[in-house]
1. Kindly check whether there is at least one residue in region 24-38 that is under 13 Å from residue 67 (Cβ atoms) and either in a helix (DSSP H, G or I) or touching a helix residue (DSSP H, G or I) at 6+ places or on another chain (Cβ under 9 Å) (or both).
2. Going by the structure shown, is residue 63 part of a strand (DSSP E or B), surrounded by fewer than 13 Cβ atoms within 10 Å (Cβ to Cβ) and on the phi > 0 side of the Ramachandran plot?
3. Between a first residue in region 31-46 that is surrounded by fewer than 12 Cβ atoms within 10 Å (Cβ to Cβ) and a second residue that is in a strand (DSSP E or B), which pairs have beta carbons less than 6 Å apart while being 6 or more apart in sequence or on different chains?
4. Please work out which one of (1) touching a residue at least 40 places away in the same chain (Cβ under 8 Å); (2) of a type in the set (A, V, I, L, M); (3) out of contact with any Phe, Trp or Tyr (no Cβ under 8 Å at 6 or more places or on another chain); (4) in a helix (DSSP H, G or I) is the condition residue 57 fails and give its number.
Amino acid sequence: MTKKWYIKERHNPQLGMYYVAMGQMSKANAKRYEKPLYGDNVMLAFDTEEAYQDRLAELEASGETVQ
C-alpha cells in the first residue's frame, strides 16, 4: 500500500484558517484527522514528496500560516 503525503487545512473558529504539514501517512490515518472535536479539517493529499514540499512552499510564499 502506497502512503500519500498530507497537509491538514485547519479551520478553527477562534484562530482562523492555517495549515499543518502532516507528512506521509495512510489514507485511514489521514481520515481520522478529518473530524476534529472543534472546527473543521480538510486533508490535502499528494502522491509525491516533491508535490507536497512544493505546495508547502507555495503556501508559505503566499503568506499563509504553516505549522
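What follows is calculated from the coordinates using simple rules that are stated; it is not laboratory data. Because the structure is predicted, anything quoted here is derived from the model rather than measured. Note: ideal-geometry Cβ built from the backbone for every residue, glycine included; neighbour counts use all protein chains shown.
1. No.
2. No.
3. These pairs meet every condition: 34/41; 34/43.
4. If we test residue 57 against (1) touching a residue at least 40 places away in the same chain (Cβ under 8 Å); (2) of a type in the set (A, V, I, L, M); (3) out of contact with any Phe, Trp or Tyr (no Cβ under 8 Å at 6 or more places or on another chain); (4) in a helix (DSSP H, G or I), just (1) comes out false.
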